[in-house]
Amino acid sequence: MEESRKGGGRTPAVSMRGITKTFAGGVIANDNVDLDIYRGEIIALLGENGSGKTTLMNMLSGIYCPDAGTIAINGRKTEIRSPKDALDLGIGMVHQHFKLVDVMTAAENIILGLKEGRRLDLKAASKRIQEICDAYGFDLNPDQKIYDMSVSQKQTVEIVKMLYRKADILILDEPTAVLTPQESDRLFDVLRNMKADGKAIVIITHKLHEVLDVSDWVDVLRAGKFIGSLKTSETNEAEMTEMMVGHAVRLNINRPEVKNPKPRIEVEGLTVRSSDGLLKLQDVSFTARSGEILGIAGISGSGQKELLESMTGLCRIESGDIRYIYDDGRKKSIVGDSPLEIARLGVQLSFVPEDRLGMGLVGNMDLTGNMMLRSFRNGNSIFTDRKSPKALAGRVVDQLEISTPSLQTPVRRLSGGNVQKVLLGREIASEPTVLLTAYAVRGLDINSSYTIYRLLNEQKERGVAVIYVGEELDVLLELCDRILVLCGGCVSGILDARTSSKNEVGLLMTSLRGGRDE
């Protein structure tokens, strides 16, 4: 297949040969990788967590320098030692976490750091920005402040910033991670327009249905090595997954039927403000039931974080109530209680937060130490028990196939996907009756993601009330039993996941039109 791609005597926009990168501790991120990128094509770069995708693109964009190998741009060998070198060669990378100044306008962010003559001409810059937007189909107001923008608008600013700097080789890292389906479709339309204009585009993503929708070719890395290229029109999700993982993987999410569901958590009229007085949740009400998975959908910043932190005693509540319902039917309000006080009430609640190393784990501690964070208060001895946590760490590593040199490795040295497995494995091992998860598979490769889905379903079958905050609507619709949709801190609908569509959920994420309550 690679030969047909090289046909016609075309010169690649980028030709990487023998690229090798090794990090501290002897970890080989890229091992003798060859990769070609052509103009007028959209390339999807796929691979499991830790396969070296982002590292490879970071070398192309000047963030890292390769230990060995060569990079040629338009047929000429060159050295890229900084992001400025990359931009001078027409290479721009849009990272998953945006690098924008909130108090500035779009135009000010786009021209920030450029030397455009002796005098700054914002009017001329805005005119050129509008020309770029018109040419490719972007919807952007150059005078709008960043803090007033949605996630998709901020992403647009980042892409236009690269085009303004005359980049014609664009790299997008997880571009649809926090976009609604409608926003993703608009982005893909823009990418197709850019491809038609002769741009070379690389997207790093784990969403295989999007790969099939927008890309022309798929390049696969596995364990730092280049495995091969596939023409998108001639492949499917199963073949791509097998190339990434090295063996066949079943790509269907099992959804067991809900058996004997009972109310476990009641949330009524919940209103929460941030420390600076901004309204984050307003009059939110719902019931989470044992033996079911309740999905929470919403664009980024719709109150998902505040909702889960309120339920775990980590967030101050302005008004409303949260009641835990025991097996015998007794109800107990947990509003105002700390996480420790909630636990002492006999409420078996586990929380997998969005901020894995900031809230969930201690980066400098090893796996055993992080397991102890759940159990160090147990027992009557003045000495902490390390034997049980060490055994638990070993079981979690084996069962979740966590890639780590040893149990003594600090978790900050693990990949993001392996960090997530450590956190989820520890919380499930505490045998909760309520399991709250925020973006449990964000950044995980497809094989690891399906492992997480299986674990959540096992908890559901044990009678646990699982609350799953997610960003992939396809997964929410396949995995969950009901979906609560948040928009601007309010409940815009509660849907039956078995009978709802992706577009229906997406519309509720961007409007307060009431959905049916199942």
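Evaluating Ser15 against the criteria (1) more than 25 Å from the chain's Cα centre (by Cα); (2) small (Gly, Ala, Ser); (3) modelled with pLDDT under 95; (4) outside any helix (DSSP H, G or I) leaves one unmet condition, (3).
Of the set (1) on the phi < 0 side of the Ramachandran plot; (2) over 22 Å from the mean Cα position of the chain (by Cα); (3) not basic (Lys, Arg), all apply to Gly228 but (1). Looking across the range 268-293, the residues that are under 17 Å from Leu476 (Cα atoms) and not in a strand (DSSP E or B) come down to Gly291, Glu292.
Condition first: over 23 Å from the mean Cα position of the chain (by Cα) and assigned by TED's automatic domain parsing to the domain that holds Gly269. Can you find one or more residues in the range 465-481 that meet it? The answer is yes, given that some residue of the range 465-481 is over 23 Å from the mean Cα position of the chain (by Cα) and assigned by TED's automatic domain parsing to the domain that holds Gly269. Against the list (1) surrounded by 15 or more Cβ atoms within 10 Å (Cβ to Cβ); (2) over 22 Å from Glu461 (Cβ atoms); (3) within 29 Å of the chain's Cα centre (by Cα), the condition Arg316 fails is (1). For the structure I just gave you, tell me whether Lys460 is under 21 Å from Leu484 (Cβ atoms) and either in contact with a Lys or Arg (Cβ under 6 Å, 6 or more places away or on another chain) or of a type in the set (D, E, K, R) (or both). For Lys460, the condition - under 21 Å from Leu484 (Cβ atoms) and either in contact with a Lys or Arg (Cβ under 6 Å, 6 or more places away or on another chain) or of a type in the set (D, E, K, R) (or both) - is met. Just one of the listed residues (Leu444, Leu456) is in a loop (DSSP other than H, G, I, E, B), under 30 Å from His209 (Cα atoms) and not charged (D, E, K, R), and it is Leu444. The number of residues in the range 234-284 being touching a residue at least 40 places away in the same chain (Cβ under 8 Å), hydroxyl-bearing (Ser, Thr, Tyr) and either farther than 30 Å from Leu221 by Cα or loosely packed, with under 15 Cβ neighbours inside 10 Å (or both) comes to 1.
Taking the criterion of being more than 20 Å from Leu140 (Cα to Cα) and in contact with a Lys or Arg (Cβ under 8 Å, 6 or more places away or on another chain), the residues of the range 178-205 that qualify are Gly198, Lys199, Ala200, Ile201, Ile204. Applying the criterion of being in contact with an Asp or Glu (Cβ under 7 Å, 6 or more places away or on another chain) and either of a type in the set (Lys, Arg) or part of a loop (DSSP other than H, G, I, E, B) (or both) to the residues of the range 143-197, the residue that is surrounded by the most Cβ atoms within 10 Å (Cβ to Cβ) is Thr176. Do the conditions hold for Leu308, that is, is it in contact (Cβ under 8 Å) with a residue 12 or more places away in the chain and either of a type in the set (S, T, N, Q) or within 14 Å of Ser285 (Cα to Cα) (or both)? For Leu308, the condition - in contact (Cβ under 8 Å) with a residue 12 or more places away in the chain and either of a type in the set (S, T, N, Q) or within 14 Å of Ser285 (Cα to Cα) (or both) - is met.
A single entry from Thr451, Thr499, Thr437, Thr404 fulfils the requirement of being in a loop (DSSP other than H, G, I, E, B) and either surrounded by 19 or more Cβ atoms within 10 Å (Cβ to Cβ) or in contact (Cβ under 8 Å) with a residue 12 or more places away in the chain (or both): Thr404. Counting only helices (runs of 4 or more DSSP H) wholly contained in the range 51-130, the ones carrying 3 or more residues that are under 29 Å from the mean Cα position of the chain (by Cα) and free of Cβ contacts under 8 Å to residues at least 40 places away in the same chain occupy 83-88. Within the range 216-225, identify whether any single residue is among the small types (Gly, Ala, Ser), on the phi > 0 side of the Ramachandran plot and buried (at least 16 other Cβ atoms within 10 Å of the Cβ), and answer yes or no. There is at least one residue in the range 216-225 that is among the small types (Gly, Ala, Ser), on the phi > 0 side of the Ramachandran plot and buried (at least 16 other Cβ atoms within 10 Å of the Cβ). Picking from residues in the range 474-496 that are within 16 Å of Arg442 (Cα to Cα) and either surrounded by fewer than 23 Cβ atoms within 10 Å (Cβ to Cβ) or hydroxyl-bearing (Ser, Thr, Tyr) (or both), the one that is modelled with the lowest pLDDT is Asp474.
The residues of the range 149-174 that are more than 19 Å from His97 (Cβ to Cβ) and charged (D, E, K, R), listed by number, are Arg165, Lys166, Asp168.
Might you check whether a residue that is of a type outside the set (S, T, N, Q), over 21 Å from Asp168 (Cβ atoms) and surrounded by 13 or more Cβ atoms within 10 Å (Cβ to Cβ) occurs anywhere in the range 36-46?
Looking for residues that are of a type outside the set (S, T, N, Q), over 21 Å from Asp168 (Cβ atoms) and surrounded by 13 or more Cβ atoms within 10 Å (Cβ to Cβ), one finds at least one in the range 36-46, hence yes.
Residues in the range 344-370 that are closer than 30 Å to Ser300 by Cβ and of a type in the set (Gly, Ala, Ser) were compared, and the one that is modelled with the lowest pLDDT is Gly358.
The values are calculated or read from the model by the stated rules, or taken from the named source; none is laboratory data. On a predicted model such as this, the values are computed, not experimentally measured, just so you know. Cβ atoms come from the backbone with ideal geometry, glycine included; neighbour counts cover every protein chain shown.
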